[in-house]
1. Which whole number gives the average count of other chain Cβ atoms within 10 Å of the Cβ atoms across peptide D:29-35?
2. Go through C:91, C:80, C:110 and say which Cα lies farthest out towards the positive end of the charge dipole of the range C:77-116; charges sit on Cβ, +1 for Lys and Arg, -1 for Asp and Glu.
3. Give, as a single signed number, the net charge of other residues whose beta carbon lies under 12 Å from the beta carbon of residue B:76, with Lys and Arg counted +1 and Asp and Glu -1.
4. Is there a simple number for the mean count of other chain Cβ atoms within 10 Å of the Cβ of residues in B:62-70, and what is it?
5. So how do B:92, D:6, C:15 line up by other beta-carbon neighbours within 10 Å, fewest first?
6. Report the charge-dipole magnitude of the protein assembly as shown in Debye, nearest 20, computed about the Cα centre from +1 at each Lys and Arg Cβ and -1 at each Asp and Glu Cβ.
7. Among C:84, C:16, D:130, rank each residue by its count of other Cβ atoms within 10 Å, from fewest to most, as a rough exposure measure.
8. For Cα pairs less than 8 Å apart in space and 6+ apart in sequence, what is the mean separation divided by the residue count of the range A:4-130, i.e. the relative contact order in percent?
4 protein chains.
Amino acid sequence: MLEVTDATLRVIFGDTDQMGVVYYANYFRYFEFARGEFFRARGGHYGALEREGYGLPVVAAHCDYRRPAKYDDLLSIRATLSETRRASLRFDYEVRRDEALLATGHTVHACVGRDGKPTGLPPSLLKLFTA
Amino acid sequence: MLEVTDATLRVIFGDTDQMGVVYYANYFRYFEFARGEFFRARGGHYGALEREGYGLPVVAAHCDYRRPAKYDDLLSIRATLSETRRASLRFDYEVRRDEALLATGHTVHACVGRDGKPTGLPPSLLKLFTA
Amino acid sequence: MLEVTDATLRVIFGDTDQMGVVYYANYFRYFEFARGEFFRARGGHYGALEREGYGLPVVAAHCDYRRPAKYDDLLSIRATLSETRRASLRFDYEVRRDEALLATGHTVHACVGRDGKPTGLPPSLLKLFTA
Amino acid sequence: MLEVTDATLRVIFGDTDQMGVVYYANYFRYFEFARGEFFRARGGHYGALEREGYGLPVVAAHCDYRRPAKYDDLLSIRATLSETRRASLRFDYEVRRDEALLATGHTVHACVGRDGKPTGLPPSLLKLFTA
């Protein structure tokens, strides 16, 4: 399956909170990082999409936390393009430390044009996904 | 209904991203802020709960984004205790700028003891909620 | 002295790290918050300045940490306009919990025009400072 | 010179602000990341130091911003151990995108024991630095 990218990052102190684990909001930063790597792995670039006049704002975001990630963990975040519709798409994510699954989640994105109104996914994006 | 608290905060540059709106992960910071105010409004304190040996880690978090919040917006975040179970609870959130509803979301929390294992909600917490 | 504004904020979990104190980078978020309140207290608005075609990017930032701020602390951040030059200005900051001084710092800002090049402080800004 | 480590990271949307550049506070997150890599490159681990009962809290932090870092930039952050005293040390940092120097800065750290009081740098740390 082509529509998957694994991104790797190191947890820093700034990601943790005083419970000694990664603060729950920061998983959404990790998701975004993996999303960006997904585009890059296909020769694309989210910034290029913006220059073409398109945006993919998040309309929904979800995370299920199973086990805590901790300081200095080397995390692997898998982004999967799980759904493409006419004017929206969905990514699913899995956060792992070695084999252990720490969190899963997803984001739903609308495709909007320069006016901020919903528009069909641009050909350059569709081409990227089927590359 | 007593189980509601409104918290107010000002959006800073550090909350926004280059799309000119509040970065999606930061809504979860806002949710946490409102959750903390919820406890305080009832004479409670999340830190006190921790000192008693209990924790309420987030096991699921969700946000639906309707309209973007922007720099300098004065946001009102409403936290509602929407469900209490034996060993978990759920908060629902509404983020508003004046009357406009910008985002809704929820968090589900497990109640755990000092050993990190699930445990019933402590009496001090239940008392707080029914105060 | 007119050029002082005190801003108040509550420390959330998301501001802390696993050492149980506010993460050092977040003091710069607090400084920015106080800076924004400084403008607002004078009837100004940093966003308005941007719309006029000016920016005040940070060219240097410094913080000295004396005592740690902690979860749930109600912090008072004082912003003082300590220096205005032809094309730059400096703010100094003091972070307090009640009477205790927790941190001090400063930021230096260049004034730039729409082309990103240094330019004199605009009249609207100078007027604000002497109001 | 052994006391140098280069760490590499990718700028995400969550690091930027609405001025279209990396938010100034986030450079201190980058510094911390490079500091962590510095320890790891020498076979050390900041977490291990903590378990031994020592901490290296930041007592001063500074950054000079030369050119903005932007979304999707691949940054190289060089951490140099520039000074060791009996009970404190200093790191200097350089943030680069390819050859371009974007920012420089430093942090000063006190060495404290389990009681939070200043103490001499532990032998395990000195050994690390001279390895």
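1. Mean shielding by partner chains, rounded to a whole number: 5.
2. Among C:91, C:80, C:110, the one farthest towards the positive end of the dipole of the range C:77-116 is C:110.
3. -2
4. Per residue, the number of nearby Cβ atoms from other chains is 4 on average.
5. D:6, B:92, C:15
6. Its charge dipole is roughly 0 debye.
7. Placing the least packed residue first, the sequence is D:130, C:84, C:16.
8. Rounded, it is 29 percent for the range A:4-130.
Every number in this text was worked out from the coordinates using simple rules, so none of it is lab data. Note that the structure is a prediction, hence the values are computed from the model and not measured. Don't worry about glycine lacking a Cβ; one is built from the backbone with ideal geometry, like all the others, and counts go over all protein chains shown.
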